[in-house]
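Quick one: the structure is below, and I'll ask about it shortly.
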């Protein structure tokens, strides 16, 4: 079996080992998937400008954030329904993050209980991602349990008042509980390793929506809302005060793309921002996250940390984001491809690859510390020639087996 040398290698193997509807759930985006492609295109268009004859004999790619030391300037982003990729994926991702000494962010739509994730990674830096649905008591319950389990930070996702139109999932009839069709059953049967693991554990559930002790059960409508990302549409900036009464640790707002919203986050007392277009899974016309990053960094003016996600596939992508002002990046799909291939060890291998690439890129840039990177290291965007565009179209055809498709050339996180 050929060696897996980079994230794209893991992605290609994940496509082979997962049923099509599962891979497409992880890999896909909204509508025509232009935002999905835009994340990668924007990063690829940015050249890095090295500084030579710099002492890089003592490299350190670690950062300090919210009183914790990270061994690398990235964390694992929240991934909903990761248990469909591999049973126990949430705990595997947390364990991989613990081994790599970087944070793991658990999704509200996870398939492993908050307490069990903590038990699997007792020494990990864990953050909790929060969706607020119509029944706010559910959000309050999740926040309370995360605090009791020693989670360090809370990350409120704000870019999902309704779900993006994810046409790949619609074509497959993807939903929970899953409705099996003859073609779905046939596809699953072609992936016996995945099917056997799922048969041992059963279909994943939204474990953190299940009642605790004598608490009232969560309605089927609420679980459907979580899958479709249909959230509380009365949530507004004043709701930050409601969360502050529940959570006294670092509170980050995820899903901002505009400078004015960044200023509002500062005004309402948030502790951090994640510049994000939800991996191209929400508003298809949204800008690439890395394109929105500089204006938000300027608007914040150093008053809070700014993180970013979207399309990070190489250590050079990490370095570009850091040079443009991000304190750290979030990796979403990349470690999930690793889990699909080899469980916890696969996720850890992806994290190690990213760390090695980041260190190598920084060394070539003449920067021995993250704080030494700056906008001077990033050149003006270089756009693809018509020949390169035709090459990308050929890759698209290969990715989709020559069938008419909206599937992208690149995947993003």
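Say R0 is 41 Å: what FRET efficiency, to the nearest 0.05, do residue 137 and residue 57 get from their beta-carbon distance?
Details: r = 56 Å, r/R0 = 1.36.
Given R0 = 41 Å and the Cβ-Cβ separation, E is 0.15.
Is the C-alpha gyration tensor of region 260-392 telling us rounded, prolate or oblate? Criteria: a/c under 1.5 is rounded; beyond that, a/b larger than b/c is prolate, otherwise oblate.
rounded
Also, I was wondering about something else. Just round it to a whole percent: the fraction of Cα-Cα distances in region 7-399 exceeding 35 Å. Intermediate values should be presented prior to the final figure.
Values: 16936 of 77028 pairs.
Here the tail beyond 35 Å accounts for 22 percent of pairs.
Neighbour counts of other C-beta atoms within 10 Å: give me 184, 205 arranged from fewest to most. Show your work: numbers first, answer last.
On the way: 184 17, 205 14.
Exposure proxy ranking, most exposed first: 205, 184.
What number, in percent, do you get for the relative contact order of the chain if the mean sequence gap of Cα pairs under 8 Å and at least 6 apart is divided by its residue count?
Numbers: 820 pairs, mean separation 115.1, N = 413.
Reported relative contact order: 28 percent.
Here's a follow-up. Quick check: the distance between the Cα centres of region 281-342 and region 38-96, to the nearest angstrom?
When both Cα centres are located, 9 Å separates them.
What order do you get for 341, 52, 35 when you list them from fewest to most C-beta neighbours inside 10 Å? Write out the running numbers ahead of the final one.
Working: 341 24, 52 7, 35 28.
Arranged by neighbour count, lowest to highest, 341, 52, 35 become 52, 341, 35.
Another question, then. Using packing as a proxy for protection, rank 237-243, 134-140 so that the peptide with the highest average count of other Cβ atoms within 10 Å comes first.
Values: 237-243: 14.4, 134-140: 16.6.
Highest to lowest by the protection proxy: 134-140, 237-243.
Any chance you could run the full-extension gain for residue 236 through residue 345? It's 0.36 nm times the residue separation minus the Cα-Cα distance, nm to one decimal. Write down the numbers at each step before the final one.
Numbers: separation 109, 0.36 × 109 = 39.24 nm, distance 4.02 nm.
In short, 35.2 nm is gained.
Here's a follow-up. Within the chain, what percent of beta bridges assigned by DSSP are antiparallel, to the nearest 5? Could the numbers behind the result be given before it?
Details: 4 of 29 bridges.
Just about 15 percent of them are antiparallel.
Is region 1-134 rounded, prolate or oblate when judged by the Cα gyration tensor, a ≥ b ≥ c being the square roots of its eigenvalues, rounded requiring a/c under 1.5 and prolate requiring a/b larger than b/c? Mind showing how you got there, number by number?
Numbers: a/c = 1.64, a/b = 1.15, b/c = 1.43.
Taking the square roots of the gyration eigenvalues as a ≥ b ≥ c, region 1-134 is oblate.
Starting from the Cα-Cα distance between residue 170 and residue 5, subtract it from 0.36 nm times their residue separation and give me the gain in nm to one decimal.
Numbers: separation 165, 0.36 × 165 = 59.40 nm, distance 3.28 nm.
Separation in residues times 0.36 nm, less the Cα-Cα distance, equals 56.1 nm.
To make sure I understand, if each residue's beta carbon is the centre and we count other beta carbons within 10 Å, what order do 104, 206 fall in, fewest to most? Please report the intermediate quantities before stating the final value.
Details: 104 28, 206 20.
Lowest count first: 206, 104.
What shape does region 1-52 have by the C-alpha gyration tensor, where a ≥ b ≥ c are the square roots of the eigenvalues, rounded means a/c under 1.5, and otherwise prolate means a/b greater than b/c and oblate the rest?
Details: a/c = 5.20, a/b = 1.33, b/c = 3.90.
Verdict is oblate for region 1-52.
Just so you know, all these numbers are worked out from the coordinates, no wet-lab data involved. Here the structure is a predicted model, which is why all the values come from computation and not from measurement. When we count neighbours, we look across all protein chains shown, and the Cβ atoms used for this are built from the backbone with ideal geometry, even at glycine.
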